[in-house]
Structures are given as C-alpha cells and as structure tokens.
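To start, the structure under review is shown below, and the notes come after it.
Every number in this text was worked out from the coordinates using simple rules, so none of it is lab data. Fair warning: this is a prediction, and the values are worked out from it, not measured in the lab. Cβ atoms come from the backbone with ideal geometry, glycine included; neighbour counts cover every protein chain shown.
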Amino acid sequence: MTDQSRTQSDSAHRARGRGAMRRAGLAVAVLAAMVFAVPSASGADGSRTAGSLGAGARGAGPALTWVGQIARQDVPVLPTSEADTLVEPDIAVSPKDSRVALAVAHDGRYPDGGAVGIETAWTGDGGKTWTHRPLPGVTTTTGGVQPWTRASDPVAAYAADGTAYVSTLLFNAATCDSAVAVSRSSDGGKTFAKPVLAHEAHTCAVSDDKNWLVVDTGAASPNRGRLYQFWTAFTIDLFGNAYSPQALVISDDGGRTWSAPIAVSAPTSNTQNSQPMILPNGTLVDTFMDYGRESAGDRVENPQPRARALPAGERAPKPVWRSVISTDGGVSWRRAGTITDDVGDGPSGIRCCLASATIDPVTKVLYAAWNSTQRTAVKLSTSTDGRTWSRPVVVNRPKPGLPTVNVDVAARDGAVMVSYGLTNASASPTWWGRQYVATSLDRGRTFLSPKEIGPPTDYAYAAFAGGRFPGDYIGSTMGAGRAYTVWAVASRPSDPAATYHQVLYAAVFDTRGLRAG
C-alpha cells in the first residue's frame, strides 16, 4: 500500500471532526448496531463466515476485566514531530508470569517517518496498573548517540525466563543511516538497558525496515533461548535494481552479540512484513508478503532512500502471503506454502493493516489473520506445519460501509482472540473508529460475536503519516489465564489550539473460564 493512496488533507479531516464530540453517542450507536446485522454466509473465495457456533465454540468468551489508557507521549516535542501522538503498538506477556506484560509504541510521530522515541508501558499486576516511560538510548533525544535521531516499528518479546526484549528500527532522516536495535530488560520489562545494534547500514543502497523479533521458548527445542531478529532489507544493486528481501540475524547470548545476516527470501525478491513462529522442535516458520517482480511499495520509514519507491499515485501490486521454513535454526530456508492472496490495504485515507501471525504455545497450531481486500472482512487461516494452510474463516460480521482497520491474532490452549478496528470510512458528519475483539473456542473454526472495547477514536485528531495513522499494526497476546490487547485511540485534545491527541489504550481479559474445544 502506498502512502500516496492513503493521503488526504489534514484540513479535510479536521473539518470532518468539528462537532464530533456532540455526535459521539450517535456515531458509536450506529457503528454498534450495524456490526452484527449480517447473517452467516460464504465468501466468494470459499471462505466461511463465523456466524453460527460449532460444538467446540459453545459458551461465553473471555471476560473483560480492565480497559483504559496506559500511556501518552513522554518525549519532548521536536520540530516537525507531531505533538501528543503515540502510534503503532505491540504487546507481549511474560511466559513466566501472565501478570507481567509489556506494551511498546512510537512516541512523538513524524509525518515523514519514525518518531522522536519509543514508549514503553509495563504492568506487573495483570493490567490493574501501568507504568509508562521512554525506552532509553534508542535515539539522541532519549540518551542515544548519533546518527540515530528517529525510531520506529517497536516489537516486544519475552524469553522463557521472563527476560524482556524490544526490537526497534533506528534511522536518521537526514542521511541514509539505518539499523535494527534490540533492548534487553532483566526485570521483565520494567526497566531496560541501552540497545545493542543487531544490524546497521550506512549507505543509501541499503535501508533496514519493518523489523520483527521472536524468542525460542520451547522446552524441547535444541535452540531454546535463541533470539531471531527479522527485518526487510530494501536494497539497490550495482545496476540500480531495487529489491526488498527478508533478512535475519541470530543471537544465542541474550541479544549481546549477533550473527552475520542470513537471507530468508531470495536476495532479489520483493517482500515485506515477516511474521515468524517457532514450532516445538525448533523449526522456524516465517510468513511474509511476496510482491513477485514488483516493488513492495513505499513502506520505507527512512525518507532518504525513497527515490526507489513507487512513483506518486501508483499503487503497490497485490501481494501473496507466503510461508517459508527453516529446520536448522534459521541458517537456511526453503519455500513452504501459500496462505492467501486476499490481503487488503485498509480503508482509504488510513495508513494501516499489516497482517498478523502467531503460534498457540500449548496446541502448537499456527494462526494467520489479515484484513481482506473486501475491506470489511477480517479473515483467519490455520496450519499445523507451516506448509498447508486451511481455507480462511471470516472472523467478524462484515457490513458494507464499515471497513476494518488493522488486525492482530493471539492464541493459547485452543482459544483464539482476534483484535481489530472498525471505521465508518470518513463518512459525514464525523470519521470514527472503534475497537473489537472476536474469540474462537474451537481453534479458529468458528467465532463468537465480537465484543466492543474501549472508547471511540476520532480520526480528525490522529497522527498523520501518508494518511491518518493508528499504526501499521496493533498488538495482542495471551498468557496463562489472561489476554491483553493494545491499540491507539485519538480524541479531541483539551487544548483548542492542538492538532493531535492520540494515546495508548489496553484491554485485559480473564481467560480462565474459557472452554476451548
């Protein structure tokens, strides 16, 4: 999805937002009424709509135990940065103690890429209270060193012993310097040491982008404790040809040192958005968008290398979501399967909507969730080996005029939770969004009716980066007895002169009573 295809003027969005607070009750009521009005049906692609419950999905979904704001901007407002904006969150739960969870997000977004810093929000009591502060040392503003002036794409992960990690993209908007950094916390995410660079590039021929981190926590895995740091390497060869392969580095000492880069996809491939998973025996399954011979589009955060991105007004081609497998601890990779070619790029005017994948740590089933090209449907596919993927199921209750925004999937012990947003697609009089969670109790075969969570979002006051920007992704995670989801909420600022007000929200669910089939 290109930034150009999402762009609408700030003034137009602010105009839509005038009078929004007076109409909030009406807008939300209309959204809620329309969401559940569609009966079960089969999609044109053979997918199944989760309208009726199967035998394994009877019973109530998880109980919502807490929802609220967990963080707002903590870094200074710098020239050209967007004041009072938190964007693009992720969250992870400690496998050692599900009361401990860590959320991360952009802190102080720039419209042309990255943020002033990275925000962290930590809970040690199951989400009753949260502590938020900037991640130290990632940018010059947060105690880091040159040339790293901006940070982006934060990802949270835990090791089996409760050590927390945050992966971050670093770059300098005035140069072609870019890097992938990993920060380590020995107290479960409450505090962090300064980051270690897992990879860095100081040439316009290479731009690191869209990082993702997983840790092998498998008790029977020969690589237990290994960190796998993936990213998209936007590159230009000697002849000016542009590519975006998936790359990987490995650490066996808690992120202190890292291997040389490993090619996950062919060096001449055009891909984006690794979503890796680890099977019990240590086998890695990575999933990513494959654009074939065409450019992956204007997804590069660092504005300097964008000369090789798509021309203005030209949209990226339709990608295929593929999986690849490594059976030797990430050293070599081979092609495995195809999940779908139905991945959509979200509503017009909103930059969002990367796909999500996870593994159930108990049943070991793999789950892949995405926004459909239909724009109003969220879909899910499953696999047990990363090679063969099921026919997709429609997770939500699609309704014309209510497109979906972002999606994230979490799973544990046969229960599956899919988080996503809905919007009225900037329809007059206001441009609203709302967050939902849909739960399956039968390993993703059918889904209960979605639950509305949290307050509405008013996109008139959201961050702007090639479109109104809640983030390219949101976060969700499931631990023993608890589930968490996190997303950005925009609303009218208290200062009438302010342009933005976007904060971080989280919801916590009690999953102890779930009867998964």
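Quick look at the numbers
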quantity	calculated
Under 21 Å from residue 194, Cα to Cα: lysines that are on another chain or at least 8 residues apart	210
Listed residues 406, 438, 373: farthest to the positive end of the dipole of the range 360-442 (Cβ charges)	373
Within straight-line cross-link reach of residue 364, aspartates and glutamates at Cα separation under 18 Å, skipping those fewer than 8 residues along the same chain	216, 286, 385, 408, 413, 442
Pair residue 187, residue 497: separation of 7 Å Cα→Cβ label points (nm)	3.9 nm
Which of 214, 245, 260, positive extreme of dipole for the range 206-274 (C-beta unit charges)	214
Under 5 Å, built H, 5+ apart or other chain: amide partners of residue 333	none
Reach of residue 399 by Cα under 29 Å, taken over lysines that are not fewer than 8 positions away in the same chain	318, 379, 451
